[in-house]
Structure formats: structure tokens, C-alpha cells
Amino acid sequence: MSDEYTLDGKKPIECEDLLTWAKWFETANRHVAQDERDGVRVSTVFLGLDHRFGGDGPPILFETMIFGGPHDQDQDRYCTWEEAEAGHAAMCALAFPQNKKAEG
């Protein structure tokens, strides 16, 4: 089993060899989603490499990370595009909390 994956649309495909993966990875658009507000960025990407690192279970291929703000460097990883989209939304809720109601 390979640790390298490409995308066919939103579906991860296991690569047969490292060179094929490297050529794809070099020019691929790997962004699932990206949001930025007030100097804080939430980015979700397809990693292309299994980050389970030999453990049991499906490959971990997507990552969301927060850059800036009080949750700087918080991250989570996922197995599917759909999980990554949901995780991105959850991290955005964490990074960009709604304004508190004015006291009064």
C-alpha cells in the first residue's frame, strides 16, 4: 500500500509510484477551502501523503490549520474531502467567533 495520493475531483486516489505523485503534486490545486478575516487565516488542504504513518485505519490526507489569532497553529486532520469541508467550517467557527452582544 502506498503513502502517496492524488485527487480525482474530490476523491483521493492511491499512487502507483513516487514519480507520478511528485509530478502531480508539483502543479495540483490542493486547497479544499480558505478563509481570512482580520489577519487570521483558516486553510484546509489535501496533503497528498498519508499522515496516519502506518497505523490502522483509512489514510489521513487532509488538514485544516489556523494561522494567527488566539488559536494560531491549531489543526485537525481528516480522511475524506467531506470531513475536511466540515472540519474547515468548525475551525472557522473557532477562529472567527461571532461578535458578542453589546452590553447595556
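The values are calculated or read from the model by the stated rules, or taken from the named source; none is laboratory data. For clarity, every value in this text was computed on a predicted model and none was experimentally measured. So basically every Cβ, Gly included, is an ideal-geometry build from the backbone, and we count neighbours across all protein chains shown.
Run down E14, E4 and say which single residue is crowded, with 17+ Cβ neighbours inside 10 Å and either among the β-branched types (V, I, T) or in contact with a Phe, Trp or Tyr (Cβ under 7 Å, 6 or more places away or on another chain) (or both).
Working: E14 fails: crowded, with 17+ Cβ neighbours inside 10 Å.
Result of the check over E14, E4: E4.
Condition first: out of contact with any Gly (no Cβ under 9 Å at 6 or more places or on another chain) and under 25 Å from E4 (Cβ atoms). Now tell me which residues in the range 64-85 satisfy that. Passing the criteria: M65, Q75, T80, E82, E83, A84, E85.
Annotation note: of T6, T20, T64, the sole residue that is β-branched (V, I, T) and at pLDDT below 95 is T20.
A single entry from A90, A84 fulfils the requirement of being outside any loop (DSSP other than H, G, I, E, B) and over 21 Å from F25 (Cβ atoms): A90. Residues in the range 1-40 that are under 30 Å from P70 (Cα atoms), of a type in the set (K, R) and within 13 Å of the chain's Cα centre (by Cα): R30 alone.
Residues in the range 54-81 that are over 13 Å from the mean Cα position of the chain (by Cα) and either among the acidic types (D, E) or assigned to a helix (DSSP H, G or I) (or both): D56, D72. Does H51 count as closer than 24 Å to C92 by Cβ, part of a loop (DSSP other than H, G, I, E, B) and more than 15 Å from the chain's Cα centre (by Cα)? So H51 fails the test.
Residue-wise test of (1) in contact (Cβ under 8 Å) with a residue 24 or more places away in the chain; (2) of a type in the set (A, V, I, L, M); (3) under 19 Å from G87 (Cα atoms).
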| site | (1), (2), (3) |
| --- | --- |
| K10 | yes, no, yes |
| R30 | no, no, yes |
| V45 | no, yes, yes |
| E63 | no, no, yes |
